[in-house]
Amino acid sequence: MTPADLDAMAGLLGDPDVMRFYPSRKTRGAAAEWIAWNQRNYAEYGYGLWIIETLDGEFVGDCGLTWQDVNGVRKLEVGYHVGVEWQGRGLATEAAAACRDFACAHVDTDELVAIMHPDNRASERVAEKIGMNRVEDDRTGSTAARRVLSIRI
């Protein structure tokens, strides 16, 4: 993910359907911050969220690994956003599985989590398809509880 991806990321993170389970859509400025955050993650950890695209170079979304606070414990999360026109084709599952496999091979952790709004059944299905099971609800912060699924790696 680079600043050259700003138009695509602003469109994705500003889409009301993609972001319906988030407190709000992201502005163009917030999308730029999202890209900068991921570049800091690359520099510090060697990974973050990456761009998902087709073999023909069409933008699909983002997916990757980031460290998150879950009930006061630092955990590695696989996160994903896929454009509405690409949803339902298994691309989020394929990308999340690749991230799971990368984490198994390259990250010193024994657990991978996915965190989502409790009503986001599509996201939960992706996590289940890569072997995750619901383990807890995260009550970190001021937002409503988030569902946490996990897999040992």
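Observations, loosely collected:
- Summarising the label geometry, the points placed 7 Å from Cα in the beta-carbon direction at Leu55 and Ala32 lie 3.7 nm from one another.
- Taking packing as the residue-averaged number of other Cβ atoms within 10 angstrom, the listed peptides 88-97, 128-137 run from highest to lowest as 88-97, 128-137.
- Cα gyration tensor, the range 58-147 - rounded (a/c under 1.5), prolate or oblate: oblate
- One quarter of the surface of the convex hull around the alpha-carbon atoms of the chain equals 8.6 nm², the direction-averaged projected area.
- One chain, two ends: Arg125 and Asp69. Fully extended at 0.36 nm per residue, the span grows by 18.0 nm beyond their Cα-Cα distance.
- In this simple spin-label model, placing a label point 7 Å from the Cα along the Cα-to-Cβ direction at both His106 and Arg20 gives a separation of 3.4 nm.
Each reported figure results from applying straightforward, stated rules to the coordinates on display, with no laboratory input. Small disclaimer: the values here were computed from a predicted structure and weren't measured. Cβ sites come from the backbone with ideal geometry, for glycine too, and all protein chains shown count toward neighbours.
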